[in-house]
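The values are calculated or read from the model by the stated rules, or taken from the named source; none is laboratory data. Just so we're clear, the structure is a prediction, and the values are computed from it rather than from any experiment. For neighbour counting, all protein chains shown are included, and Cβ atoms are generated from backbone atoms with ideal geometry for every residue, glycine included. Only protein heavy atoms, including side chains, enter the accessible area calculation; ligands, DNA and RNA are left aside. Shrake-Rupley method; radii C 1.70, N 1.55, O 1.52, S 1.80 Å.
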Amino acid sequence: MRKKFVVMLICPVLLMNSCKMPFQKEESDGSGYLFTYTLTENPDNLDPQLASNSASFTVLRNIMQGLLEEQPDGTLTYGTSSHYSVTEDGLRYTFTLRDDSYWYYDENKNDKIDDGEKWNVTAEDYVFAFQRLFQKETKSPYRESFRCISGADGIIDKGDSIEKLGVYAESSNTLVFELSRPCAEFLTLLSMPAAMPCSRKFFEQTGGRYGLDEDSVISNNGFYLRRWFYDPYGNDNLIYLKKNSANDTVQRVYPSDVTFLIRNSQVKAYDEFAAGKSDILAASGYYPQYTSDKGYTVTSWKCISLGFVMNTEWEAFKSEDIRKAFSAAVPRSSFPAEPAEDTEGAYGIVPPATRLGTSEYSDYVNTPVISDVSDEEIKSLFQKGMHDLGLTSLPSADVMVCEETVSEEDLYEIIQVWQSLFGFYAGIDVVPESEYKKRLSENDYVIALCSVTGNRNSASAVLENFRTDCNDFGYSNQSLDSLLDSMNNARDLEELSVICRQAEEMIIADYKFVPVFYKNKYLIHSSKNRDISYDPYSGIIDFRRAKYFSE
């Protein structure tokens, strides 16, 4: 059997020229392949306690491992832990760590495990990680998510000592969390990147650069970071991962390497895939050419909610009655138009693929939040709003849409209804992503079609988008913020589902964000590729079990 080997001294050069690398070995079990995938942005940070974009999450999932890992079906599996127990009152979680989970840092960059480059992951690494998470100077965006941990309220609100945090090591492989109140999703939260461990020894050696460059990133998972090159003005940006033999024995890793090409838009990611330079495409655009081709595998999830954001600085939209009329006039029951697979009318904010635990959210909340309204009622609302504002007609305006978001045919159907009922003439202004974000931030629009999903597959995570200062479209409601705070106090998923439903109803009731469509995300790849684990909410692709079969 002929084998091909890659010499690391020339690998970065080949990679930066976007050359497709060969197998390092060929085996019938699908192992040994070098996968290539295009990230649509540079990781903002590979410090798990700070990282916030999907590019960071994907890289971290492949090089770092926490206590637990969430699988695509919502089940939790062990990561660096081998066992856990929970007290009956739900206030104490005890984890036993595996004794064969290792940190690895290739200090001399020879791709071998030399003395001092490998050491055990311990309970103290988690204690240090959570203390960092809550330290004021870290400025982690995730500490509110873990406010249920004992001592967290005092640390956040009063500046108490970090030593009061209820996370401690009973031994090198026994970790304890003490909570001040039960949290229905605590175990799931522990599978997030923010809950990954941090080696104090390595962290202190980085001199404040932890997670910011290739020399300041450590691994305790199936791959390690070999190369991270990013020039914001260049075209050869990439991240290169190699199989981590320190952790390959217990949890086998199938690919030999993973290359992440870093591009600055979804359009460029599609171009790389179409040109055969990338093995996988994760997209929200609909590409029927791949759906109809048996050489490709296309998987879809209805995990996006698209809604109209109405700029209340525009005279007419100062009226809640007019906003409500525009919302009620959306012909949701007539969707989907073509393509039927891609969208459907949205009668709530949380999209259909969303779960609570391992069950679909709709199993808990099985009635629509939005009800259909007759044309007579819609016209009456509109006329009342116009009268109250002293308006006799509406000027024309555009609906701003980010490119590749949704079929224009669906939007035209809505606009025609608005024209018929209100005499309102609207165009569709499709703009590039960079312009779209700029205009949203500057409030330079009348109506914008905005996309909402979660950073994980949970109804609570979707609704967190509406927290003040947590969205791009300026939504703010302090009563909602308080309700969202209570989600972390839910004792079980049933109670959490009630709070989520109340939050949906509250958001919809002020008619500043109007749900219109539920939309798909897609994972597209050659049918020769298998076992690629993808979370369409966070955007994380886990390559550890990914396989390639030539036939």
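Using the crude model of +1 on Lys and Arg Cβ and -1 on Asp and Glu Cβ, and no other charge, please compute the dipole size for region 201-255 relative to its Cα centre, in debye to 20. Kindly include the intermediate steps, with their values, before the conclusion.
On the way: 7 positive and 7 negative charges, 61 e Å.
Charge dipole of region 201-255: 300 debye, to the nearest 20.
Could you list which residues have their amide H under 5 Å from that of Y296, counting only those 5 or more apart in sequence or on another chain, with H placed in the peptide plane?
S527
Quick one: which of K164/K201; K109/K201; K302/K379 span more than 29 angstrom between C-alpha atoms? Intermediate results must be reported in sequence, preceding the final value.
Numbers: K164/K201 22 Å; K109/K201 19 Å; K302/K379 32 Å.
Violating the 29 Å Cα-Cα cut-off are K302/K379.
If you add up the charges near D481, with Lys and Arg at +1 and Asp and Glu at -1, over every other residue whose beta carbon is less than 13 angstrom from its beta carbon, what do you get? It would help to have the intermediate numbers written out before the result.
On the way: positive: R467; negative: E144, E464, D469, D485.
So the environment of D481 carries a net charge of -3.
For region 243-391, state the semi-axes of the equivalent ellipsoid (square roots of 5 times the eigenvalues of the alpha-carbon gyration tensor), sorted largest first and rounded to whole angstrom. Show your work: numbers first, answer last.
Values: eigenvalues 383, 78, 58 Å².
Equivalent ellipsoid semi-axes, largest first: 44, 20, 17 Å.
Note the full-extension length gain between S479 and S28 as 0.36 nm times their separation in residues minus their Cα-Cα distance, in nm to one decimal. Working shown, then result.
Values: separation 451, 0.36 × 451 = 162.36 nm, distance 5.78 nm.
In short, 156.6 nm is gained.
From largest accessible area down, sort V217, V267, V498; use a 1.4 Å probe on the protein chains.
Order by accessible area, largest first: V498, V267, V217.
Let me cross-check D472: its accessible surface, 1.4 Å probe, with only protein heavy atoms counted, in Å² to the nearest 10?
110 Å²
Measure off, as a whole percent, the carbon and sulfur share of the 1.4 Å-probe accessible area of region 290-350, all protein chains present. Present the calculation step by step, with values, prior to reporting the outcome.
On the way: 1030 of 2390 Å².
C and S atoms contribute 43 percent here.
Net charge near L225, counting Lys/Arg +1 and Asp/Glu -1 over other residues with Cβ under 14 Å of its Cβ?
Numbers: positive: R61, K109, R209, R226, R227, K242, K243; negative: D47, D106, E107, D111, E117, D213, E214, D215, D257.
That works out to -2.
Helix-only estimate, please: 222 nm mean residue ellipticity of the chain, summing -39500 (n - 2.57) across DSSP H runs of length 4 or more and dividing by its residues, to the nearest 500.
Value at 222 nm, helices only, nearest 500: -7000 deg cm²/dmol.
Taking every DSSP beta bridge with both residues inside the chain, roughly what % is antiparallel (nearest 5)? Display every interim value, and only then the final one.
On the way: 66 of 81 bridges.
The answer is about 80 percent antiparallel.
So for each of 540-546, 487-493 I average, over its residues, the number of other beta carbons within 10 Å; can you give me the resulting order with the highest mean first? Provide the component values of the computation, followed by the final result.
On the way: 540-546: 22.1, 487-493: 18.7.
In decreasing order of mean packing, 540-546, 487-493 become 540-546, 487-493.
What are the equivalent ellipsoid semi-axes of region 351-510, built from the alpha-carbon gyration tensor (square roots of five times its eigenvalues), in whole angstrom, biggest first?
31, 20, 16
Evaluate E = 1/(1 + (r/R0)^6) for V176 and A275, where r is the Cβ-Cβ distance and R0 equals 41 Å; express this FRET efficiency to the nearest 0.05. Each step should come with its number before you reach the end.
Details: r = 51 Å, r/R0 = 1.25.
Step by step, r from the Cβ atoms, then E = 0.20.
Once each part is reduced to its C-alpha centroid, what is the distance from region 297-313 to region 403-466 in angstrom?
8 Å
Under a 1.4 Å probe, what is the accessible area of the chain per residue, stated in Å²? Numbers along the way, then the final one.
Values: 23480 Å² over 551 residues.
Here the per-residue accessible area is 43 Å².
For region 199-215 and region 481-551, what is the separation of their C-alpha centers, rounded to whole Å?
A separation of 32 Å, based on Cα centres.
So for the pair I162, S441, with labels modelled 7 Å out along Cα→Cβ, what separation do we get in nm?
Calculated label separation equals 3.0 nm.
Going down the list K318/K438; K118/K158; K242/K528, which pairs span over 31 Å between their C-alpha atoms?
From the list (K318/K438; K118/K158; K242/K528), the Cα-Cα distance tops 31 Å for K118/K158.
What figure in square angstrom, to the nearest 10, would you give for the accessible area of K201 with a 1.4 Å probe?
100 Å²
What's the FRET efficiency of K201 with D248 using the Cβ-Cβ distance as r and R₀ = 25 Å, to the nearest 0.05? Walk me through the intermediate numbers first.
Details: r = 23 Å, r/R0 = 0.92.
My answer for the efficiency is 0.65.
Suppose we keep just the alpha-carbon trace of the chain; what are its Rg and Dmax in angstrom?
24.8, 82
Please arrange D388, D99, D29 by accessible surface area, largest first, computed with a 1.4 Å probe and ligands excluded. Intermediate results must be reported in sequence, preceding the final value.
On the way: D388 95, D99 120, D29 50 Å².
The residues order as D99, D388, D29, largest area first.
For the chain, what are the DSSP H helices with axial Cα length of 18 Å or more and mean Kyte-Doolittle hydropathy of at least 0.5?
Helices meeting the span and hydropathy rule in the chain are 493-509.
Ordering R226, R92 by accessible area with a probe of 1.4 Å, largest first, what comes out? Intermediate values should be presented prior to the final figure.
Working: R226 40, R92 70 Å².
Reading off the accessible areas and sorting them downward yields R92, R226.
Please report the accessible area of E376 (heavy atoms, 1.4 Å probe, ligands and nucleic acids excluded) in Å², nearest 10.
Taking all protein chains as shown, E376 has close to 130 Å².
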